Amino acid sequence: MFPLLETLVAVYECRQFTLAAYELKVSQSTVSARIAQLERTVGAPLFVRNARSEVTPTEAGRTFYQTARGIDDLWRDSCEGVARASSGREPFVLSFSHTTALRLLPLALRTMSDVMNEYDITVNVRNSDVILEEVGAKTVQLGIIEKPIMNESVKQIALCEDRLVVAGNDGGVWLVRERGSGVRYYTDLYFKSTEFSPEHVVEVASNAAIIAALASGFGRSLISAEAVPDGVPTHELGAEFTRRFYAVVPRSGLSGKQQRLTGEMVMALQGRMQRK
């Protein structure tokens, strides 16, 4: 029964049999067969098949998803409890976007300092789109991103604000982040809203590298005001370029301990906003 319920959860959250099969590492025919078996057992359709391979849950599908998610969480907790009894430590993976790593990672690490002997902690730095995929696939317990994106398999929680500025010398060269990053989203918005087309654009997949270039006197870039190196000139932008950072967490699959640590870290990061 557990593979059937696991498949129901994956299809519900992915909204596609193909993506669910990829997440579960089984064939699409296996996913279809499991859902068909569940529908025969339940006596009602769980999903409506739409165009482009997408599916929409029925009322029965939504009801059984909630039940399946609860059973799946209980099963994971039980399995992880047995594993922890042997190892004594629990995995906890965080992914930060480039700007949020500069601003919020130190606070997050301080928040975890008292419980580090209870967890195997891994920290990644990615762009926001990749983090959303990681959290949705449940390979990351907590993601911190810098643009308002989400999907059905994650919960999004607002954290602190971040003011963006244009920094650097007007030498005709713009340094921009790669597509999928939060800063690139706002950079493209700036170019579009001002009808500005830079003479030269260099794509750099690292905030730290852009900051180093600006500090050396080369190029211009749209970056967080708190990341501007000393002595680099800035140009203020409008309120639409004051954005929020967000925490994203899986809707299901976290153990009880992982849920508690995630909650504590989110509260700490929100507390940073309250102290401003």
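The count of lysine pairs in the chain whose Cα atoms are under 16 Å apart, excluding pairs fewer than 8 places apart on the same chain, comes to 4. Dividing the mean sequence gap of close Cα pairs (under 8 Å, 6+ apart) by how many residues the chain holds gives a relative contact order of 21 percent. Put a dot 7 Å past the Cα of residue 66, heading toward its Cβ, do the same for residue 150, and the two dots end up 1.8 nm apart.
In the stretch 191-276, the convex hull through the Cα atoms has an average projected area of 8.8 nm², a quarter of its surface area. Helical content alone sets the calculated 222 nm signal of the chain at -15500 deg cm²/dmol, taking -39,500 (n - 2.57) per DSSP H segment of four or more residues and averaging over every residue.
Nonpolar atom fraction for the stretch 217-267, defined as the carbon and sulfur part of the 1.4 Å probe accessible area, stands at 48 percent. For the stretch 27-133, dividing the convex hull volume of the Cα atoms by the residue count gives 174 Å³ per residue. Using a probe of 1.4 angstrom and keeping all protein chains present, the accessible surface of the stretch 131-276 works out to 46 square angstrom per residue. In the chain, the longest principal axis of the Cα atoms and the axis of helix 182-194 are about 60 degrees apart. For the Cα atoms of the chain, what angle does the longest principal axis make with the long axis of helix 98-112, in degrees from 0 to 90, nearest 10? That helix lies at roughly 60 degrees to the long axis. Stretching the chain fully between residue 41 and residue 225 yields a gain of 60.5 nm (0.36 nm per residue, less the alpha carbon separation). log₁₀ I(q)/I(0) of the stretch 128-276 at q = 0.16 Å⁻¹, via Debye over equal Cα point scatterers, no solvent, to two decimals? So the normalised log intensities work out to -0.91. Accessible surface of residue 114, taken over heavy atoms with a 1.4 Å probe and every protein chain present, rounds to 130 Å². Counting 0.36 nm for each residue step from residue 236 to residue 75 and taking away their Cα separation leaves a gain of 52.8 nm. For the chain, the Kirkwood hydrodynamic radius comes to 20.9 Å, computed from all pairs of different C-alpha atoms. The distance between label points at residue 216 and residue 50 comes to 4.9 nm (points 7 Å beyond Cα on the Cα→Cβ vector). Note on residue 123 and residue 260: their simple-model spin labels are 2.3 nm apart, each label 7 Å out from Cα toward Cβ. The ratio of the alpha-carbon radius of gyration of the stretch 114-214 to the globular-protein estimate 2.2 N^0.38 Å is 1.30.
When 19, 74, 46 are compared by accessible area at a 1.4 angstrom probe, the order from most to least is 74, 19, 46. In terms of the mean number of neighbouring beta-carbon atoms within 10 Å, the peptides 245-251, 202-208, 163-169, 190-196 order highest first as 245-251, 163-169, 202-208, 190-196.
Between residue 2 and residue 203, what FRET efficiency follows from the Cβ-Cβ distance if R0 is 41 Å, with the result rounded to 0.05? Computed FRET efficiency for residue 2 and residue 203: 0.35. Computed extension length for residue 188-residue 29: 53.1 nm, one decimal, from 0.36 nm per residue of separation with the Cα-Cα distance subtracted.
The values are calculated or read from the model by the stated rules, or taken from the named source; none is laboratory data. Small disclaimer: the values here were computed from a predicted structure and weren't measured. With ideal geometry, Cβ positions are generated from the backbone for all residues, glycine too; neighbour counts draw on all protein chains shown. Areas reflect the complete protein model, heavy atoms only, side chains present, ligands, DNA and RNA absent. Shrake-Rupley method; radii C 1.70, N 1.55, O 1.52, S 1.80 Å.
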